[in-house]
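All remarks here apply to the structure that follows.
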Amino acid sequence: MNYHIHETDVDLKTNKFHRLNELLVFVTGFNEFYKEKYKGIHLPITSVKDLSRLPFTTKRELAEDQKLYPPYGRNHSYPEGSYIRYHQTSGTTGRPLKVLDTAKSWDWWSDCWVEVLKSAGVTKKDRAYLAFSFGPFIGFWAAHEAVQKLGSMAIPGGSMSSEERLNSMLQNEATVLFCTPSYALHLAEVAEKLGLNIQDSTIRKIITAGEPGGSVPSTRAQIENLWGAKLFDHVGMTEIGAYGYSCQEQRGLHVNEAQFIAEVINPDTLEHVAPGERGELVLTNLGRFGYPMIRYRTGDAVVYQPEACACGTPFLFLPGGLLGRTDDMVVIRGVNIYPSSIEAIVREFASIKEFRIIYYTELEMNQVKVQIEGPEEVVPMLAQLLRKRVGLRIEVEWMEDNSLPRFTMKARRVIDNRTAGVTV
């Protein structure tokens, strides 16, 4: 097996394994989920090769554990009274996970988010507008905490319409906008209809999360052109933490290796992949003892490079950011289709306001088509570019304005109407 994990300098590597062993000693003594999972595991873990002794953790087994031990499962290391925060996953890939944080674990979460802010150049002088509703989604609760910890002003935009949010951020002269890539595009569309000039507004930075679009060059360029601002991407998961962020170079994402151990594996063989090969990101969080996650299979498809980014950050660099989900790849007539790859092509056309991908079955064959809102003359041009880039004839269907759904949180632009058991 090719055991490869990104290692920067000796001190960082030594510190990571020291903290990992502290975590392992703790969970095998106080966390019922990992105590059972790691029964018979010999400690300490002193090398990358030793990591293979630890089985992977999956979302499916965590969900099953919560089903067997309701409501919160056994992966909460402390008595219930020690926890102060409740969050849950979106449930887009299955049963939502319920996640609790102690005060100490929540402080660690916000520290991770502070690194996201610093990498984007956010300072105490900034006013951060958080354009989302404050529900159980963890990401922007943590962002709200981090903004205050950094000393910036946090302006919440919950329970508001898009028009109200736009007016609020403009009237309060916000300088940083937090939202999903889809919502940044939708806000720009609403601003145009209202005659609001957002390009000359005080918004100078946009920090996105929740979707791969923030690291898709064509999507990022479209958002930056519409807003006259620079976009920075961020990645995190309710169950793992805020683990990655983009830098001033805007070429991809850095994994915060001061707080996470990162691996990239082949999802089929479970072996580590070589630099430049597409694989699944596996993460271990080192500072969240209240809800630990060890060798967690994120389901995120990435490519890593061993060389440090030009910005000087020594952490693991993922060029292109998240490339999609390992489970969202669909084979159509022998060609691997990733929704993020189609989005990258669609977003090259600034006149396309919204789109949707539909998988369907016709004459016992699986097919794919793309629906778009925009000028009808774009249809043949997009179809030609999809054929050239994807290597597959993909139908492009023109839709009337405002006929496709808009999204304030994670976008759901893929509809799967395929019939089971047909030829791919």
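The values are calculated or read from the model by the stated rules, or taken from the named source; none is laboratory data. The shown structure was predicted, so the numbers you read here are calculated from the model rather than taken from an experiment. Glycine gets a Cβ as well: all are built from the backbone with ideal geometry, and neighbour counts include every protein chain shown. For the accessible areas, the whole protein counts, side chains as well, though only heavy atoms, and no ligand, DNA or RNA atoms are used. Shrake-Rupley method; radii C 1.70, N 1.55, O 1.52, S 1.80 Å.
Highest GNM mean-square fluctuation among V282, V176, V396, for the chain modelled with Cα contacts below 10 Å: V396.
Counting heavy atoms of the protein chains alone, K410 has an accessible area of about 80 Å² for a 1.4 Å probe. Counting only protein heavy atoms and using a 1.4 Å probe, the accessible area of M153 comes to about 100 Å².
With both labels modelled 7 Å from their Cα along Cα-to-Cβ, the L43 to I84 distance reads 2.7 nm. Under the definition of Cα pairs under 8 Å and six or more residues apart, what whole-number percent is the relative contact order of the chain? So the answer I get is 14 percent. State the antiparallel share, in %, of DSSP beta bridges confined to the range 156-270, rounding to the nearest 5. Here the antiparallel bridges make up roughly 45 percent for the range 156-270. Rounded to the nearest Hz, the phi-derived 3J(HN,Hα) couplings of the range 229-236 under the Karplus curve 6.51 cos²θ - 1.76 cosθ + 1.60 (θ = phi - 60°) are 9, 9, 9, 10, 8, 8, 10, x, where x marks glycine and proline.
Specify which residue in the list V176, V235, N225 is farthest towards the positive end of the charge dipole of the range 171-257, using unit charges on the beta carbon of Lys, Arg (+1) and Asp, Glu (-1), about the Cα centre. It is N225. Taken about its Cα centre, the chain carries a charge dipole of roughly 600 debye when the Cβ of each Lys and Arg holds +1 and the Cβ of each Asp and Glu holds -1. Of all DSSP-defined beta bridges confined to the chain, some 60% are antiparallel rather than parallel. Here the contact order of the range 300-424, divided by its residue count and restricted to Cα pairs under 8 Å and six or more residues apart, works out to 23 percent. Taking the centroid of alpha carbons for each part, the range 276-305 and the range 352-424 are 31 Å apart. Scanning the chain for chymotrypsin sites (Phe, Trp or Tyr not before Pro) lying in DSSP loops with no more than 16 further Cβ atoms inside 10 Å, the longest uninterrupted stretch between such sites is 135-424.
Which of A103, A274, A142 moves most in a GNM of the chain, Cα contacts under 10 Å? Of A103, A274, A142, the Gaussian network model singles out A103 as fluctuating most. Taking the Cα centre of the range 324-392 as origin and assigning +1 to Lys and Arg Cβ atoms and -1 to Asp and Glu Cβ atoms, the resulting dipole is close to 220 debye. Round to a whole angstrom and tell me the spacing of the C-alpha centers of the range 101-129 and the range 133-207. After rounding, the separation between the Cα centres reads 16 Å. Cross-link pairs out of K353/K388; K104/K205; K59/K118 include none exceeding 32 Å in C-alpha to C-alpha distance. For the range 299-424, the share of DSSP beta bridges that are antiparallel, to the nearest 5, is 60%. Largest GNM mean-square fluctuation among I203, I345, I358, using the chain with Cα springs under 10 Å: I358.
Taking the 1.4 Å solvent-accessible surface of the chain as the whole, the part contributed by carbon and sulfur is 50%. Projecting the Cα atoms of G81, G312, I337 onto the dipole axis of the chain, where Lys and Arg carry +1 and Asp and Glu carry -1 at the beta carbon, places G81 farthest toward the positive end. What the phi angles of the range 210-220 give under the Karplus curve with 6.51, -1.76 and 1.60, with θ = phi - 60°, is a coupling list of x, 8, x, x, x, 9, 7, x, 5, 5, 4 Hz, glycine and proline written as x. Relative contact order of the range 302-352, taken over Cα pairs closer than 8 Å and 6 or more residues apart, is 25 percent.
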